[in-house]
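Worksheet: the structure to be examined is printed underneath.
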Amino acid sequence: LAQSLFALFASSLAISLVFAIIPLCHNVVVLAVVMAVAGLAMGCIDTISNMQLVKIYQKDSAIFLQALHFFVGFGALLSPLIADPFLSDTNCILSNSTANASSNLPHIRKSLVPHHPGNLSHYDLPMKGMVVTRVSYAFWIMALINLPVPIAVFFLLYKERMVPCFNGSSHPLLSADELAMETRPAEKEDLSTTVQRPRAAGGHDDLFSCCQSKNFRGASYTYFAVHITGALVLFMTDGIVGEYSGFIYSYAVEEPLSVVHKVAGYLPSLFWGFITLGRLISIPVSYRMKPATMVFINVVGVLVTFLLLLIFSYSVVFLFVGTASLGLFLSSTFPSMLAYTEDILQYKGCATTVLVTGAGIGEMVLQLLVGSIIHDQGSYSFLVCGMIFGGLAFTFYAFLLFFHRMYPKPSSDMDGASPDKPAVMDDTGQYQR
């Protein structure tokens, strides 16, 4: 737990520093290095936060995962609104020709898409002159907004007496008994080893315990199959989130829809808005519905939505309806899949790392793939790709269900340590199962 908190502290602090440095980067190589550091820090935060919620709350982790990812979507929705006032509708470099080009610049800003840079060839943009831009303030504001996060993590480390220089004066936020109740082991044989560990460890394994080869000894093929199929489902669904939010504007403004640029600009915001709304709705729903059922509804909903988008591909109204529907169905897929897969594997936390990595790779790879396909085949291939990815996600989920049935269930003698049973306190004040 201490290693995870220190990693969260370092990563969140790095993000604030990176956002403060970005406006000062006047070399593209330096900017690339700085952005790589930001990506590394965000990946650490994503993996560790999901993994620790699973390990601490176990059977209850589905609710906390839905809440976590609600804030992920809320941040993705809010941050463009913070940056937008500082984005200029005129050129950032003043010259004699700026006045002639300024009327085209709102269109240029919305036309900067990775798959079709040729659209900009007929615009004459000045490259020399006095730079007048306020976009730096957006980065600095985001750095300040993020700064309370590492401060809060450091405060948690201090209160839990995990900071080497400040061990004596603070009182832990949770007593040892309460922390032991939250970090209950999933199997009976783990109880003896947990008792032997130092109390400060709180029942957590080493941060890198998932990488130890001893954990794979004697594991059945279904153990690896559950990891792989779960990661492939998230590879597809998170890839759909990335490619849809990245290219829906480009699809809408081109034939056959030819939506007005300003109206098409609302589509990514609508998509992320309904992802955020869906995650908020999923918090109480996950308390009543099993994660496996939620994932099934999600993948079927994504597949049906893309099918309807293809059928009504000439309808602008249904494009907005389908975008909202797709956001709702994709919203809870990631946290529900984490909770479902960890439920199969008895909440060890190791599957979370594999699933988060698979989702991140999918979000990166599918955007590149769809961008190149749209460039070669036209805008209609955007929906065809989405349909194919949705079908593959459903197929991989069917395989996951199959391997879940094949996966060896815990023996009946482990029922006493089941996380479903409430914790009770014995005469000594210790929580028992």
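The values are calculated or read from the model by the stated rules, or taken from the named source; none is laboratory data. In this text the structure is predicted, and so the values were computed from the model without any measurement. Virtual Cβ from ideal backbone geometry, glycine too; neighbours counted across all protein chains shown. These accessible areas exclude ligands, DNA and RNA; they are computed on the full protein's heavy atoms, side chains included. Shrake-Rupley method; radii C 1.70, N 1.55, O 1.52, S 1.80 Å.
In segment 38-60, what residues are over 17 Å from Thr357 (Cα atoms) and either of a type in the set (A, V, I, L, M) or open to solvent by 50 Å² or more (accessible area, probe 1.4 Å) (or both)? Can you show your working first?
From segment 38-60, those over 17 Å from Thr357 (Cα atoms) are 55-60; that's our starting set.
Residues satisfying the conditions are Ile56, Tyr57, Lys59, Asp60.
For segment 3-33, the tally of residues that are under 25 Å from Asn50 (Cα atoms) and open to solvent by less than 40 Å² (accessible area, probe 1.4 Å) stands at 10.
Going by the structure shown, is Asp415 open to solvent by 70 Å² or more (accessible area, probe 1.4 Å), in a helix (DSSP H, G or I), on the phi < 0 side of the Ramachandran plot and modelled with pLDDT under 90?
Details: open to solvent by 70 Å² or more (accessible area, probe 1.4 Å): yes; in a helix (DSSP H, G or I): yes; on the phi < 0 side of the Ramachandran plot: yes; modelled with pLDDT under 90: yes.
So Asp415 passes the test.
When segment 220-259 is filtered for residues that are outside any helix (DSSP H, G or I) and either crowded, with 17+ Cβ neighbours inside 10 Å or at pLDDT 85 or above (or both), the ones remaining, listed by number, are Glu254, Val259.
Cβ-Cβ distances below 7 Å connect the following pairs, each with a first residue in segment 153-166 that is closer than 16 Å to Ser49 by Cβ, a second residue that is aliphatic (A, V, I, L, M) and at pLDDT below 85, and a separation of six or more residues or different chains: Leu157/Val163. Scanning segment 273-305 for residues that are closer than 13 Å to Gly327 by Cβ and crowded, with 20+ Cβ neighbours inside 10 Å gives Phe274, Ile275, Thr276, Gly278, Arg279, Ser282, Asn298, Val302, Thr305.
Given Leu392, Leu355, Leu366, which one is of a type in the set (A, V, I, L, M, F, W, C), open to solvent by less than 60 Å² (accessible area, probe 1.4 Å) and more than 26 Å from Glu255 (Cα to Cα)?
Details: Leu392 fails: open to solvent by less than 60 Å² (accessible area, probe 1.4 Å); Leu366 fails: more than 26 Å from Glu255 (Cα to Cα).
Of Leu392, Leu355, Leu366, the one residue that is of a type in the set (A, V, I, L, M, F, W, C), open to solvent by less than 60 Å² (accessible area, probe 1.4 Å) and more than 26 Å from Glu255 (Cα to Cα) is Leu355.
Report yes if some residue within segment 108-117 is modelled with pLDDT of 50 or more, open to solvent by less than 50 Å² (accessible area, probe 1.4 Å) and aliphatic (A, V, I, L, M); otherwise report no.
Start the filter on segment 108-117 by keeping residues that are modelled with pLDDT of 50 or more, which leaves none.
No, there is no match, as no residue in segment 108-117 is modelled with pLDDT of 50 or more, open to solvent by less than 50 Å² (accessible area, probe 1.4 Å) and aliphatic (A, V, I, L, M).
Contact annotation: residue pairs with Cβ atoms under 7 Å, 6 or more positions apart or on different chains, pairing a residue in segment 15-36 that is in the same structural domain as Tyr137 (by the TED database) with a partner that is at pLDDT 90 or above and in a loop (DSSP other than H, G, I, E, B), are Ser16/Leu147.
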